[in-house]
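We did not get these values from a lab; they are worked out from the coordinates using the rules stated. Keep in mind that this is a model prediction, so the values were computed, not measured. Here the Cβ positions follow ideal geometry from the backbone for every residue, glycine too, while neighbour counts run over all protein chains shown.
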Protein chains: 2
Amino acid sequence: MTSSAHGHPSAFPKPGHNHARCTSDALRRAEAVCASRKVRLTEIRRRVLEAVWQSHVPVGAYDILSQLNAGGGRTAPMQIYRALEFLMDNGLVHRIASLNAFIGCAHMGEDNHAAQFLICRSCGTTAELESAPLKRALIQAVAERGFTIDSQIVEISGFCPHCTPKGRT
Amino acid sequence: MTSSAHGHPSAFPKPGHNHARCTSDALRRAEAVCASRKVRLTEIRRRVLEAVWQSHVPVGAYDILSQLNAGGGRTAPMQIYRALEFLMDNGLVHRIASLNAFIGCAHMGEDNHAAQFLICRSCGTTAELESAPLKRALIQAVAERGFTIDSQIVEISGFCPHCTPKGRT
DNA sequence: CGTATAATGTTATGTTATAACATTTACAAG
DNA sequence: CTTGTAAATGTTATAACATAACATTATACG
Ligand SMILES: [Zn+2]
Ligand SMILES: [Zn+2]
Ligand SMILES: [Zn+2]
Ligand SMILES: [Zn+2]
């Protein structure tokens, strides 16, 4: 039902949207997911999730580290990576392989979905793309080659609707 | 016309194939590409390309480095990365983002193509997937969201035909 | 030749990620 | 409420991947 930026489901996050709401929605849903899965959203995991949700731009593990340590903390990289692993295992965060960075999942709680991403080269904003036809085409193409699919990475780089120069396709 | 493992174009590289031929084909085509593009396939670039083509398993930059330095060489990481950059710029090698590794392009000389990859979790063998329907579905899905595509990464992990347990889909 | 450009060599450092082990915390069985 | 135990966290060190900056050498072309 919810979407990354309160518009209709396929909307790309808009520059001026009420992002505080994205964050609070995300945290609320994360609590629910963890409760239903009987896993614990501990302090550090929650703080890492908050850091990830500070924007729709994927964030590096060491950026998260800096944030957590901004007030004189002593958190170590390992702890960040462990929290991220937990968040990914529970479908709360995705890793963007092409950026070595992480982003909050826009569809928490929904079935462990294989996500595709649109990454804006200009503003960095990254959105999940849920395209059934694309998924079908992918499964079809792979099956034709006798390959058994296990997981997939689809990361598309370009210009988001808000950064596309006028007149461009 | 050629394919990664001498079968018909969509065949996945077979375990026992004559891989020496893959390598020599690749080097010959690379020479041709470089000649036609008026760029130089220098000694180190050629050696890196050979290293990449030692198998159909993506190879890390530091693995290449070890190979080149096996006989007491003193090549530095920077030189490997520069050679790889050249090879990628000229469409001779692809980077596999999910593995931080590199693999020889199966379609050298053909138009700078956006490739998709099938990566076997068992044997590591990685093949390029050229699926027009997939490409179309991708372009379509992206366009619908008002996104201007620039480049794309598609990396599918699973089991190749030769590693798929019997009875598995 | 002389000179500009491309390529390579060299040193140092930045960035991302994990290994290994110690300590603390949560939680339930007794 | 202890006490065992599994989960989570803390800590130190290091592995793995990648680039910056600058010096030197090779190539091409007038
Ligand atoms: Zn938002
Ligand atoms: Zn943008
Ligand atoms: Zn081969
Ligand atoms: Zn295989």
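Here the Karplus curve 6.51 cos²θ - 1.76 cosθ + 1.60, taken at θ = phi - 60°, turns the phi angles of the stretch A:18-26 into couplings of 6, 6, 4, 5, 3, 5, 5, 4, 4 Hz, with x standing for Gly and Pro.
As a test of the formula, what do you get for chain A when each DSSP H run with n ≥ 4 contributes -39,500 (n - 2.57) and the sum is divided by the residue count, at 222 nm and rounded to the nearest 500 deg cm²/dmol?
Numbers: 5 runs with 64 residues, N = 169.
Result for chain A: -12000 deg cm²/dmol, rounded to the nearest 500.
Within the listed set B:Pro13, B:Pro58, B:Pro133, the Gaussian network model of chain B (springs between alpha-carbon atoms below 10 Å) gives the highest mean-square fluctuation for B:Pro133. Of the residues A:Gln116, A:Gln54, A:Gln67, the one that moves most in a GNM of chain A with alpha-carbon contacts below 10 Å is A:Gln67.
Equivalent ellipsoid semi-axes for the protein assembly as shown, as square roots of 5 times the alpha carbon gyration tensor eigenvalues: give them largest first, rounded to whole Å. It would help to have the intermediate numbers written out before the result.
Values: eigenvalues 277, 108, 89 Å².
After scaling each eigenvalue by five and taking roots: 37, 23, 21 Å.
Taking the longest Cα principal axis of chain A as reference, the axis of helix A:77-89 is set at about 50 degrees. Using DSSP loop states and a limit of at most 12 other Cβ atoms within 10 Å to flag trypsin sites (Lys or Arg not before Pro), what is the longest stretch of chain B containing no flagged site? Value returned for the longest uninterrupted segment is B:75-165. The mean number of Cβ atoms from other chains found within 10 Å of a Cβ in peptide B:129-139 is 5, as a whole number.
Take B:Gly146, push a point 7 Å out from Cα through the beta-carbon direction, and compare it with the same point in every other copy: 4.6 nm, smallest first.
For the residue pairs A:Lys14/A:Lys38; B:Lys38/B:Lys135; A:Lys38/B:Lys135, the alpha carbons lie more than 32 Å apart in A:Lys14/A:Lys38; A:Lys38/B:Lys135. Separation of the stretch A:42-105 and the stretch B:95-169, taken as the distance between their Cα centroids, equals 28 angstrom.
Would you mind giving the three semi-axes, in whole Å and largest first, of the ellipsoid equivalent to the stretch A:13-169 according to its Cα gyration tensor?
Values: eigenvalues 148, 91, 45 Å².
Those come to 27, 21, 15 Å.
Going from the residue with the fewest nearby Cβ atoms within 10 Å to the one with the most, A:Leu92, B:Leu27 rank B:Leu27, A:Leu92.
Put a plus charge on the Cβ of each Lys and Arg, a minus charge on the Cβ of each Asp and Glu, and nothing anywhere else: the dipole of the stretch B:19-158 about its Cα centre is then about 320 debye.
Computed from Cα atoms, the angle from the helix A:132-144 axis to the main principal axis of chain A rounds to 70 degrees. Highest mobility in the GNM of chain B, judged by mean-square fluctuation with C-alpha springs under 10 Å and restricted to B:His17, B:His107, B:His56, is found for B:His17.
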